[in-house]
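Reviewing the structure listed below.
The values are calculated or read from the model by the stated rules, or taken from the named source; none is laboratory data. Treat the numbers as computed from the prediction; the structure is a model and nothing was measured. Here the Cβ is made from the backbone with ideal geometry for all residues, glycine too, and neighbour counts use every protein chain on show. Calculation scope for accessible area: heavy atoms of the full protein, side chains included, ligands and nucleic acids excluded. Shrake-Rupley method; radii C 1.70, N 1.55, O 1.52, S 1.80 Å.
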Amino acid sequence: LACSGIAVILSLFHVIYYGEEKAIDFQISPKESTIACAIVAHYATCCGDTLASEFGILSQSKPFLITSPWRKVPHGTNGGISTFGTLSSCIGGLIIGFGCVIMDICTGLHVHISKLLIFSAICGLLGSFIDSLLGATLQATYYDDDKKMVYCEKKDAPSNSDRICGMNCLSNAQVNLVSVFVTTVIGGLYLGPMFIE
């Protein structure tokens, strides 16, 4: 739900109030462009964060905690980032951007290809960083040194595991929802007009 709900609501709002999709152009259709950029930012965040998590865990070097860059943490730690994971979040945003470019070209809409790709890559990166920041601070991570396993829930972790970061305030789904929401708003209202014009 966190990875689709907001964009579905925005898409329905766009269709109901503004009709069919238009080219992103903040001079001619600012409201429609804001919604379109918000939807792109939404999916760029989801794809970017997913790729950062899934590919970042494959990194050869240990990740560091986004709130404490000097502190190395085990792979899979909420809020742990690596160069490979960060690059993957950018690529995730680019994948969404490429999809938008292809769809716009196929439907005959004018598209600023390079601007849209830069915008979507930045949104993938920003969303992943926001997710990592929330994960490091508001989502607890536990580590069992004997099994060398990371746990996101205290109930799943063995009694001898240590909390290595975060408070137990938000679940993973809630962290995803908040990071997607924040990036959707920033992407639609600020980054879209800044990068795409």
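Would a scan of segment 59-72 turn up a residue that is in contact with a helix residue (DSSP H, G or I) (Cβ under 7 Å, 6 or more places away or on another chain), among the hydrophobic types (A, V, I, L, M, F, W, C) and at pLDDT 95 or above? Yes, the conditions are met somewhere in segment 59-72.
One line per residue, one yes/no per condition, for (1) in a helix (DSSP H, G or I); (2) in contact with a strand residue (DSSP E or B) (Cβ under 8 Å, 6 or more places away or on another chain); (3) touching a residue at least 40 places away in the same chain (Cβ under 8 Å):
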position: 58; (1), (2), (3): no, no, no
position: 61; (1), (2), (3): no, no, no
position: 74; (1), (2), (3): no, yes, yes
position: 97; (1), (2), (3): yes, no, yes
position: 105; (1), (2), (3): yes, no, no
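The residues listed here are 189, 117, 126, 134; of these, the one that is open to solvent by 80 Å² or more (accessible area, probe 1.4 Å), assigned to a helix (DSSP H, G or I) and touching a helix residue (DSSP H, G or I) at 6+ places or on another chain (Cβ under 7 Å) is 189. Evaluated against (1) within 22 Å of residue 190 (Cβ to Cβ); (2) over 12 Å from the mean Cα position of the chain (by Cα); (3) in contact (Cβ under 8 Å) with a residue 24 or more places away in the chain, residue 84 falls short on exactly one condition, (1).
Checked against the criterion of being at pLDDT 95 or above and surrounded by fewer than 21 Cβ atoms within 10 Å (Cβ to Cβ), segment 150-162 contains not a single residue that satisfies it. What are the residues in segment 138-148 that are in contact with a strand residue (DSSP E or B) (Cβ under 9 Å, 6 or more places away or on another chain) and either free of Cβ contacts under 8 Å to residues at least 12 places away in the same chain or buried (at least 19 other Cβ atoms within 10 Å of the Cβ) (or both), if any? Those that are in contact with a strand residue (DSSP E or B) (Cβ under 9 Å, 6 or more places away or on another chain) and either free of Cβ contacts under 8 Å to residues at least 12 places away in the same chain or buried (at least 19 other Cβ atoms within 10 Å of the Cβ) (or both): 139, 140, 141, 142, 143. From the list 81, 9, 91, 95, the one residue that fits, being modelled with pLDDT of 95 or more, open to solvent by 40 Å² or more (accessible area, probe 1.4 Å) and farther than 21 Å from residue 116 by Cβ, is 9.
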